[in-house]
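One structure is given below, encoded as structure tokens.
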Amino acid sequence: MGKVRRISGCVAAAEAVRLADVDVISSYPIRPYTGIMSELARMIADGRLDAELVYAEGEHAQLSIVYGASAAGARTFTGSSGVGVTFAFEVYSPISGERLPVQMAIGDRTLDPPGDFGSEHTDAECCRDQGWIQGWASTPQEVLDMHLIYYRVGEDPKVMLPQYVCQDGYFVTHILGDVQVPDEAQVKEFLPPYKNHHILDPKKPQIIGPQIEPCMGPPQQYQRKQAFDNINEVLIKAHDDFARIFGRRYDPFLEEFMTDDAEVVIFGQGAHMNTAKAVAARLRNLGDKVGVVRLRTFRPFPTDEILKRMSRFKAVGVVDNSAQFGISGGAGVLFSEVRTALYDVGDKVKTVGFVGGLGGEMITHDEFLRMFRKLQEVAKTGKVEKRAYWLPFEL
Amino acid sequence: MSEFERIPSIKKAPDEEYYVPGHRTCGGCGPALCYRLVAKAAGPNTIFIGPTGCMYVANTSYGCGPWRVPWIHAQITNGGGVASGIETAYRMLIKKGKYTGEQPNVIVMAGDGGATDIGLQSLSGMLYRGHKVLFICYDNESYANTGIQVSPTTPYGAWTTFTPSGEVIPEGRKHFPKDNAKVVAHGHPYLKYVATGSIGYPVDLMNKVRKGLAQEGPAYLHLHAPCPKGWQFPPDKTIEMAKLAVQTGMFQLYEFENGQYTLSVQLKERKPVIEYMKHQKRFAHLKPEHIEKMQAFVDAKCAEVGITVPVVAAAQ
Ligand SMILES: Cc1ncc(C[n+]2csc(CCOP(=O)(O)OP(=O)(O)O)c2C)c(N)n1
Ligand code: SF4
Ligand SMILES: [Mg+2]
């Protein structure tokens, strides 16, 4: 049944990669994700993992290497943070377009400026529409589990798509938590070996990625969309099997905390929601009907789940830990997408956007308290006087 | 280096083709001829990587391609990286018992843009890490697929759409070209074999491919590949242009191993560069002083690799 170890998010990710028996890994240093690669290098040096660590000359090369390796039939892993994530941008769409189930860890970091290493979701959210599955883990345990689940979902024949497993820089990458590290037999039962019928093999020559004519574009893109549409079903099944084999059950889409009779909730993703939960619990002690909804799967965005499950609240405050300038709604991408998802319930659910924790700052208890109070005011008056607030300047 | 079978003559070259008809490169396309010779020499246990350029676009139109071996598209930026991944994957899959078969030949066919400019970092990373990959630059001396723009290997004085000749800049292209074989030859510890080749000398070219593939680590070939469209000469003159480039010393044919240049053809004399340039409209605007500059540059390049024969103008 494995054993409990006190490890960081970085080490948890590396443990998952070891358990997944990955064949080819490509590395390049950038804080805060670097610890994942150092841990993997140590495992390989000690003979605990039989994989090759290819020292790429940059993140663009990291992604190029796993593109080639995955197309040759290897299970692959890479990772990055901040400007490293954006430096590799060219290669993301070719990987998903060729339906290569590469996995990449992102330990969030701001883009420059500010070059302060702090965590922000801005980096990973930049590449949100490239045809990759994407979600945020909020603890080291969830990091390990999400890596395993995403390999299984991405490599499913109905899906065959790459995956970003994101964790907040420092708040998760560097903070220790107790992690149940499963044993190999459990993982074998959960995760079948990587098999792609569409690979480079001189015994069965195939051409991968030819030029096409415009008329061939729509069907090709539509197939990628259809694969995306299949993810939810596969994700649900993988979470069920995961719960059965490992004994840990997660909601695949939304984790709800103290929401049963809640009137207002904070909605967000990643480790800041741990703070939000602590504040919600405190407010519950005072009799306030507040809760937290934590998004676990960001791509595909669970529009229907949100519509179904969140239309019962009076006010939803969406927290964006990212800088997206000029975006619709005036906060961040989560706010914009939650508003779109809730459009069909009309004016019944009020939404307010909050941008917080930029540059790697904590979103403090006091800030969450102010957000909850603002939401309660909106719920009570039924009026949204200001749609979005940048903290701490505007609230 | 492992043993390899030398091709003694064009007649004794293998009949089998692995780059077959069914593409839409221009008539007389030098890079397409390169591909045919490289594929023939490499044989069936080969995977090609094709960074964006004419040899991707003109070969794979309509969703199909002219290869009888596996081929994968790479970005113009990352031929070396993609090849590194493929080579490593096969090595690991064989080691872990996940693939039964021989390690395939891994060959990148990159244009001069993909090899010497935007893809140079990727090439260098691959070479320095020692992947067993043959990286080939088919040099048509321009960004051809985008409609003939200047690249690092475009000769001094050549017209391209980015280097037009005008009153202020009469020669058009002002820079002298980058010499990529020399850029890579020094400083990559696992790179033991660097050579240049030309479609005007097909047996030599094919044997260099085989020798490159027989290396334990990476190899780099730089192939001269005349482009009738970009250089503006008639399509039936491709081989003549290739030969004239070597005979004038505009392109030097050699192998570079153990710090030594070995010349691949023994010239008795060199023709003046004008004998090559006069056939190509891309040089038509040049004045005598520009041709002189070109001659001096070529003389120096030849001396660098040990081509010391005199330049002799043809009798009038
Ligand atoms: C990142 C990027 N920038 C620009 C291009 C546009 N582009 C397509 S083909 C090409 C020319 C390639 O030149 P070269 O490598 O010399 O190959 P050739 O076309 O001459 O065969 C360029 C610049 C691209 N595909 N990708
Ligand atoms: S433009 Fe030049 S390189 Fe491109 S297909 Fe035509 S002849 Fe070949
Ligand atoms: Mg070119």
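Data overview
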quantity: Filtered chymotrypsin sites (Phe, Trp or Tyr not before Pro), segment A:59-151: DSSP coil and at most 16 other beta carbons within 10 Å; calculated: A:F117
quantity: GNM result for chain A, Cα springs below 10 Å: residue of A:A71, A:A56, A:A323 fluctuating most strongly; calculated: A:A56
quantity: Number of partner chain Cβ atoms within 10 Å, mean per residue of A:196-207; calculated: 6
quantity: Debye, to nearest 20: dipole size of segment A:254-390, +1 on Lys, Arg Cβ, -1 on Asp, Glu Cβ; calculated: 240 debye
quantity: Angle in degrees between helix B:30-42 and the longest Cα principal axis of chain B, rounded to the nearest 10; calculated: 30 degrees
quantity: Residue-wise HN-Hα coupling along segment A:347-360, computed from phi with Karplus coefficients 6.51, -1.76, 1.60 (Hz; x: Gly, Pro); calculated: 7, 4, 9, 7, 10, 9, x, 10, 9, x, x, 5, x, x
quantity: Förster radius 56 Å - calculated FRET efficiency between B:E304 and A:N274, Cβ distance, rounded to 0.05; calculated: 0.30
quantity: Length-normalised contact order for chain B - Cα pairs under 8 Å, 6+ apart - percent; calculated: 18 percent
quantity: Acute angle (nearest 10 degrees) that the helix B:120-129 long axis makes with the longest principal axis of chain B, alpha-carbon atoms; calculated: 40 degrees
quantity: Antiparallel bridges, percent of DSSP beta bridges restricted to segment A:254-390 (to nearest 5); calculated: 20 percent
quantity: Exposure rank, largest accessible area first [A:K188, B:K174, B:K11; 1.4 Å]; calculated: B:K11, A:K188, B:K174
quantity: Cα gyration tensor shape of segment A:254-390, rounded if a/c is under 1.5, else prolate or oblate by comparing a/b with b/c; calculated: rounded
quantity: Highest-fluctuation residue, A:A16, A:A238, A:A72 considered, GNM on chain A with Cα pairs under 10 Å; calculated: A:A72
quantity: Gain upon complete extension [A:R249, A:Q221; 0.36 nm per residue less C-alpha separation]; calculated: 6.7 nm
quantity: Degrees separating the helix B:202-213 axis from the principal Cα axis of chain B, which is the longest one; calculated: 40 degrees
quantity: For the protein assembly as shown, accessible area per residue (1.4 Å probe, heavy atoms of protein chains only), Å²; calculated: 39 Å²
quantity: Residue-averaged 222 nm ellipticity for chain A, from DSSP H runs of 4+ at -39500 (n - 2.57), nearest 500; calculated: -12000 deg cm²/dmol
quantity: Net charge of neighbours whose Cβ lies under 10 Å from the Cβ of A:A12, counting Lys and Arg as +1 and Asp and Glu as -1; calculated: -3
quantity: Per-selection metrics, segment A:3-246 (Cα): Rg and Dmax in Å; calculated: 17.1, 54
quantity: At 1.567 mPa s and 4 °C, Stokes diffusion of segment B:132-274 via Kirkwood alpha-carbon radius, µm² per second; calculated: 80 µm²/s
quantity: Choice from A:G353, A:G326, A:G291 with maximal GNM fluctuation in chain A (Cα, 10 Å cutoff); calculated: A:G326
quantity: Cα-based reach from B:K278 at 16 Å (exclusive), listing lysines while leaving out same-chain residues under 8 positions away; calculated: B:K229, B:K237, B:K243, B:K287, B:K293
quantity: Neighbour net charge for A:L176 - beta-carbon separation under 10 angstrom, K R +1, D E -1; calculated: +1
quantity: Three-way shape call for segment B:1-95 based on the alpha-carbon gyration tensor, with the a/c threshold at 1.5; calculated: oblate
quantity: Per DSSP, loop trypsin sites (Lys or Arg not before Pro) in segment B:15-52 with at most 15 further Cβ within 10 Å; calculated: B:R24
quantity: Percent of beta bridges antiparallel (DSSP, chain B, rounded to nearest 5); calculated: 25 percent
quantity: Contact order normalised by residue count of segment A:3-246, Cα under 8 Å, 6+ apart, percent; calculated: 24 percent
quantity: By average C-beta atoms within 10 angstrom, highest first, the peptides A:221-228, B:125-132; calculated: B:125-132, A:221-228
quantity: Per-residue mean of C-beta atoms belonging to partner chains within 10 Å, peptide B:53-65; calculated: 3
quantity: Estimated FRET transfer efficiency (A:K195, B:F176; beta-carbon r; R0 60 Å; 0.05); calculated: 0.70
quantity: Percentage of interatomic Cα-Cα distances in the protein assembly as shown larger than 36 Å; calculated: 48 percent
quantity: Net dipole in debye of segment B:1-160 [+1 Lys, Arg Cβ; -1 Asp, Glu Cβ; about Cα centre; nearest 20]; calculated: 480 debye
quantity: Size of charge dipole - chain B - debye, nearest 20, with Cβ of Lys, Arg +1 and Asp, Glu -1, no other charges; calculated: 420 debye
quantity: Accessible surface of chain B [probe 1.4 Å, protein heavy atoms]: carbon and sulfur percent; calculated: 55 percent
quantity: Whole-Å distance, taken between Cα centres, linking segment A:53-109 and segment A:329-395; calculated: 34 Å
quantity: Cα gyration tensor category, rounded, prolate or oblate, for segment B:136-190 with a/c compared to 1.5; calculated: oblate
quantity: Percent RCO, i.e. relative contact order, over segment A:154-252, from Cα pairs under 8 Å lying at least 6 residues apart; calculated: 34 percent
quantity: Shielding by other protein chains, B:99-109, mean Cβ within 10 Å; calculated: 2
quantity: Net +/- balance of residues flanking A:F257 in space, Cβ distance below 12 Å, scoring K and R +1, D and E -1; calculated: -1
quantity: Positive dipole terminus of segment A:254-390, leading residue within A:L286, A:Q324, A:V338 (C-beta point charges); calculated: A:L286
quantity: Spatial separation of Cα centroids for segment A:245-319 and segment B:241-316, in angstrom; calculated: 73 Å
quantity: Loop-resident sites, segment B:89-190, for GluC sites (Glu not before Pro), counting at most 15 other Cβ within 10 Å (DSSP); calculated: B:E102, B:E167
quantity: Overall dimensions of segment A:325-395 by Cα: Rg and Dmax, Å; calculated: 12.4, 35
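The values are calculated or read from the model by the stated rules, or taken from the named source; none is laboratory data. This structure is a prediction, so every number in the text was calculated from the model and none was measured. Reconstructed Cβ throughout: ideal geometry from the backbone, glycine too, with neighbour counts over all protein chains shown. Just the protein is used for accessible areas: all its heavy atoms, side chains included, with ligands, DNA and RNA removed. Shrake-Rupley method; radii C 1.70, N 1.55, O 1.52, S 1.80 Å.
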